[in-house]
1. Please state which of the following conditions Thr335 fails to meet, knowing it meets all the rest: (1) touching a Phe, Trp or Tyr at 6+ places or on another chain (Cβ under 9 Å); (2) open to solvent by less than 10 Å² (accessible area, probe 1.4 Å).
2. Restricting the search to segment 93-102, which residues are out of contact with any strand residue (DSSP E or B) (no Cβ under 6 Å at 6 or more places or on another chain) and open to solvent by 10 Å² or more (accessible area, probe 1.4 Å)?
3. Residues of segment 359-374 being open to solvent by 10 Å² or more (accessible area, probe 1.4 Å) and either among the charged types (D, E, K, R) or under 20 Å from Asn303 (Cβ atoms) (or both), which ones?
4. Of the residues Thr340, Thr285, which is in a loop (DSSP other than H, G, I, E, B), at pLDDT 95 or above, farther than 25 Å from Ser206 by Cα and among the polar types (S, T, N, Q)?
5. Tell me yes or no: at least one residue of segment 140-161 is closer than 24 Å to Arg63 by Cα, free of Cβ contacts under 8 Å to residues at least 24 places away in the same chain and not charged (D, E, K, R).
6. Given the options Leu97, Leu112, Leu117, Leu77, name the one that is among the hydrophobic types (A, V, I, L, M, F, W, C) and closer than 16 Å to Ile48 by Cβ.
7. Kindly check whether there is at least one residue in segment 177-185 that is over 17 Å from Ala272 (Cβ atoms), open to solvent by 40 Å² or more (accessible area, probe 1.4 Å) and assigned to a loop (DSSP other than H, G, I, E, B).
8. Step by step: first the residues of segment 254-282, then only those that are open to solvent by 20 Å² or more (accessible area, probe 1.4 Å), part of a loop (DSSP other than H, G, I, E, B) and polar (S, T, N, Q), then the one that is nearest to Thr210 (Cα to Cα). Which residue is that?
Amino acid sequence: MKFKNISIGGLIITTLCACSSQIEKQASNSGQPQLQQSQNYSPNRETIKQLLDTKQCQSCDLRGADLSRADLKGANLQDADLRGVNMSQANLSEANLIQADFRGANLSKANLSKAKLTAALMSWTGDTKAPGGYGRVNLQQADLSSADLITAYLRGVDFREANMSGAFLHSADLSQAILTKVKLTKADLFGAKSIGVNASEVDFSSSKMTGIDLTGANLSKANFNKANVFWGKFTNADLSSANLQEGYFAGAIFTGAKLNQAQMHKAYLHAAELSQSNLNGAILTQSDLSAAVLVRANLNGVNLTGSNIKRANLTAADLGKTNLEAVNLVGADLTGANLTEAALIRADLTGAFVTDAALNRANLQQAILIGTRLSGSNLDGANLNNVVKTNTSLSPISEQPHEHNN
């Protein structure tokens, strides 16, 4: 990011020693923050006074300034150099902070509601001792509701317990950020980059997250209720005990994800990729997994009552003791799947491939097995009372499972 050069005249401080105490006294009397200097930077006191008096300081050099509790509502700090500033509990609501450099800054409990932070730079380098290194920007408990953070550089920012409801984060870089217990309800995170983000217990309810990349993220106990996460990426993410109820996850990628004990009632997962994911103990009642890919997924003990799993690929999946009552499995591929002790009461397996599967002690009462391929499957102890099995094959057949277009 490039910043405009500050004129040399603006940096000249005349009679600094004579006036510094007077400036501090005036600031104290007016309720403004003390004009302190940090050990790393030497902020220009006149520049700080200009900002506090006029709220106009575009392209200013304010590195290391102490602006804690300052009233900067609506201030213009576009392109300002704010590295290492202390703006904790400052009022920056509706401020123009476009392309401002906040690296190493403290903004804890600051009010940034409706602030313009487009392309703002807050990136964490990870090594504060290296030349040009900066620690995490501190935005803990800050108010960023309805703030504009489009394309902002937020790598490693500490947002713990911040309010970001309704914020705009289009294509923002949230890599390695800490979002624990952050409120992101109705936020717009279209195309945001969030690889490795720590977002346990974050509230994404009703947010727009199309194309978001949450690869490897910690999302345990996160709330995605009614969120739109079309084509989102959750590869190897931890979503254990998360709430995905009524969320829209069509085409989302959950390969290797932890979804154990997740609440997924009425989740829309059409054509989602869930291969090798762990869904042990999840609640997927009345969910839509049509055309989803669940190869070698762990669905042991999952409640899928009333769900639509039409044409899904469940090859070698573990469905032991799974509740599949009244589930639509028409045309599904269950080749080599483990369905031991599964409840398939009234399940519709029309045209499904259940070859070489383990169905021992499974309950198939009133299941529809029209055209179902069951050759090579273990049905020892299975309950087949009142099944509909016209044209069902229980002997080796030459047909091969159809291929799915994923």
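1. (2)
2. Glu94, Gln99
3. Residues satisfying the conditions are Arg361, Asn363, Gln365, Gln366, Arg373.
4. The unique qualifying residue is Thr340.
5. Yes, segment 140-161 contains a residue that is closer than 24 Å to Arg63 by Cα, free of Cβ contacts under 8 Å to residues at least 24 places away in the same chain and not charged (D, E, K, R).
6. Of the residues listed, the single one that is among the hydrophobic types (A, V, I, L, M, F, W, C) and closer than 16 Å to Ile48 by Cβ is Leu77.
7. Within segment 177-185 (the criterion being over 17 Å from Ala272 (Cβ atoms), open to solvent by 40 Å² or more (accessible area, probe 1.4 Å) and assigned to a loop (DSSP other than H, G, I, E, B)), the answer is yes, since at least one residue qualifies.
8. In this case the residue turns out to be Thr255.
The values are calculated or read from the model by the stated rules, or taken from the named source; none is laboratory data. The structure presented is a predicted model; accordingly, all values stated were derived computationally and were not measured. In this analysis, Cβ positions are derived from the backbone assuming ideal geometry, glycine residues included, and neighbour counts consider all displayed protein chains. Just so you know, the surface numbers come from the protein's heavy atoms only, side chains and all, with ligands and any DNA or RNA stripped out. Shrake-Rupley method; radii C 1.70, N 1.55, O 1.52, S 1.80 Å.
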